[in-house]
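*Asks:* What follows is a single structure, and I will ask about it in a moment.
The values are calculated or read from the model by the stated rules, or taken from the named source; none is laboratory data. Computed from a predicted model, the values in this text were never measured in an experiment. Methodologically, a virtual Cβ is constructed for each residue, glycine included, from the backbone with ideal geometry; neighbour enumeration extends over all protein chains shown.
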Amino acid sequence: MAVHYRTEAFLIKKRDWLENDQFLTFYTKDFGKVEVLGKAIRKINSKLRGGIEIFSLSNIEFIQGKNYKTLTDTNIIEKFPNLKKDLKKREVADKISQVLNDLLKEEEKDIEVWEVLCEVFKNLNDQNNKILNYYLLFYYFFWNIISVLGYQVDFYHCVLCHKKIPNANNFFDLEAGGIICNNCFKNKKNIKEIPNDIIKILRIILKKDIDFLMKLKIEKKHLEGLYLISQEYLSYHI
Ligand SMILES: [Zn+2]
């Protein structure tokens, strides 16, 4: 008889398969990222279908077959409805799913990733105003996941001379793997200055002070700065 595995999970991706099936990608508490086949789940009377929704927290049960896992039971724990209804929130949740899909290997349990994901989805669902801050939650997720994966950046010290960085004239040096000060910047080319506001935001993010982060008055230029540094770091390392 097959072993039934049970765990809490977020549905992060689905793709249609054959006439009525779907392959579902979950990020789970106990098994990390897993892909599970939902047999006949696109049929209107599917019992499995009611227990999962994109970005909702569910209990799922599956069995391991020879070639793939098959979903056997589902029930919803918490819906996080605003991640689907609010288009801006949906956009952020989609970006988070993309990071989980692209950066994490299958079946590597990681309780820290799980906790950051729960925290971010809950916060994103509950936020009421400050639309620009929704996007901060993406960067909160991104930089904390990067840290868990072993690519943490020190936003307090120069990566070359190890001195505490001043409040201005700092640069982000991908090859060196972090922030460099003005003294160490000499003779370097193709390196961009990193504004102090961005350094401050990244420090708050890595301190995991999500409540303080949500109180910040964010402007478009901050999001643009975060976008640039995150994209560069991602494409350099991964
Ligand atoms: Zn230095």
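*Asks:* Select, from K105, K29, K13, K79, the only residue that is under 14 Å from C118 (Cα atoms), of a type in the set (K, R) and in contact (Cβ under 8 Å) with a residue 60 or more places away in the chain.
*Replies:* Working: K105 fails: under 14 Å from C118 (Cα atoms); K13 fails: under 14 Å from C118 (Cα atoms); K79 fails: in contact (Cβ under 8 Å) with a residue 60 or more places away in the chain.
K29 is the lone residue from the list that is under 14 Å from C118 (Cα atoms), of a type in the set (K, R) and in contact (Cβ under 8 Å) with a residue 60 or more places away in the chain.
*Asks:* Quick check: anything in segment 211-226 of a type in the set (D, E, K, R), more than 16 Å from the ligand (Cβ to nearest atom), in contact (Cβ under 8 Å) with a residue 40 or more places away in the chain and touching a helix residue (DSSP H, G or I) at 6+ places or on another chain (Cβ under 8 Å)?
*Replies:* Residues of segment 211-226 that are of a type in the set (D, E, K, R), as a first pass: 211, 215, 217, 219-221, 224.
Narrowing further to those that are more than 16 Å from the ligand (Cβ to nearest atom): 211, 215, 217, 219-221, 224.
Filter again for in contact (Cβ under 8 Å) with a residue 40 or more places away in the chain, leaving 219-220.
Next, from what is left, pick out any that are touching a helix residue (DSSP H, G or I) at 6+ places or on another chain (Cβ under 8 Å): 219-220.
Within segment 211-226 (the criterion being of a type in the set (D, E, K, R), more than 16 Å from the ligand (Cβ to nearest atom), in contact (Cβ under 8 Å) with a residue 40 or more places away in the chain and touching a helix residue (DSSP H, G or I) at 6+ places or on another chain (Cβ under 8 Å)), the answer is yes, since at least one residue qualifies.
*Asks:* Further question: Of all residues being assigned to a strand (DSSP E or B) and among the polar types (S, T, N, Q) in segment 1-48, which is nearest to Q98 (Cα to Cα)? Just the residue, please. Reasoning before the result, please.
*Replies:* To start, the set of residues in segment 1-48 that are assigned to a strand (DSSP E or B) comprises 4-17, 21-28, 32-38.
In the following step, the residues that additionally are among the polar types (S, T, N, Q) were identified as 7, 22, 25, 28.
Values: T7: 22, Q22: 18, T25: 11, T28: 15 Å.
Filtering first and then ranking leaves T25.
*Asks:* Using the structure shown, decide if Y151 is closer than 25 Å to I238 by Cβ, modelled with pLDDT of 95 or more and surrounded by fewer than 20 Cβ atoms within 10 Å (Cβ to Cβ). Let's see the steps before the verdict.
*Replies:* Numbers: closer than 25 Å to I238 by Cβ: yes; modelled with pLDDT of 95 or more: no; surrounded by fewer than 20 Cβ atoms within 10 Å (Cβ to Cβ): yes.
No.
*Asks:* Hey, L136 hits all of (1) crowded, with 19+ Cβ neighbours inside 10 Å; (2) modelled with pLDDT under 95; (3) more than 16 Å from the ligand (Cβ to nearest atom); (4) hydrophobic (A, V, I, L, M, F, W, C) but one; which does it fall short on?
*Replies:* Of everything listed in (1) crowded, with 19+ Cβ neighbours inside 10 Å; (2) modelled with pLDDT under 95; (3) more than 16 Å from the ligand (Cβ to nearest atom); (4) hydrophobic (A, V, I, L, M, F, W, C), L136 misses just condition (2).
*Asks:* Could you please find all residues in segment 109-121 being part of a helix (DSSP H, G or I) and surrounded by fewer than 15 Cβ atoms within 10 Å (Cβ to Cβ)?
*Replies:* To start, the set of residues in segment 109-121 that are part of a helix (DSSP H, G or I) comprises 111-121.
Once the filter is applied, which keeps residues that are part of a helix (DSSP H, G or I) and surrounded by fewer than 15 Cβ atoms within 10 Å (Cβ to Cβ), segment 109-121 yields I111, E112, E115.
*Asks:* Name every residue in segment 141-171 that is within 14 Å of the ligand (Cβ to nearest atom) and under 17 Å from L228 (Cα atoms), in order of residue number.
*Replies:* F155, N170, F171
*Asks:* Being in contact with a strand residue (DSSP E or B) (Cβ under 7 Å, 6 or more places away or on another chain) and away from the ligand (no atom under 11 Å from the Cβ) is the filter here, so list the residues in segment 172-187 that pass it. So that I can check it myself, show each step before the final result.
*Replies:* Start the filter on segment 172-187 by keeping residues that are in contact with a strand residue (DSSP E or B) (Cβ under 7 Å, 6 or more places away or on another chain), which leaves 172-173, 179-180, 185.
Answer for segment 172-187, where residues must be in contact with a strand residue (DSSP E or B) (Cβ under 7 Å, 6 or more places away or on another chain) and away from the ligand (no atom under 11 Å from the Cβ): just F172.
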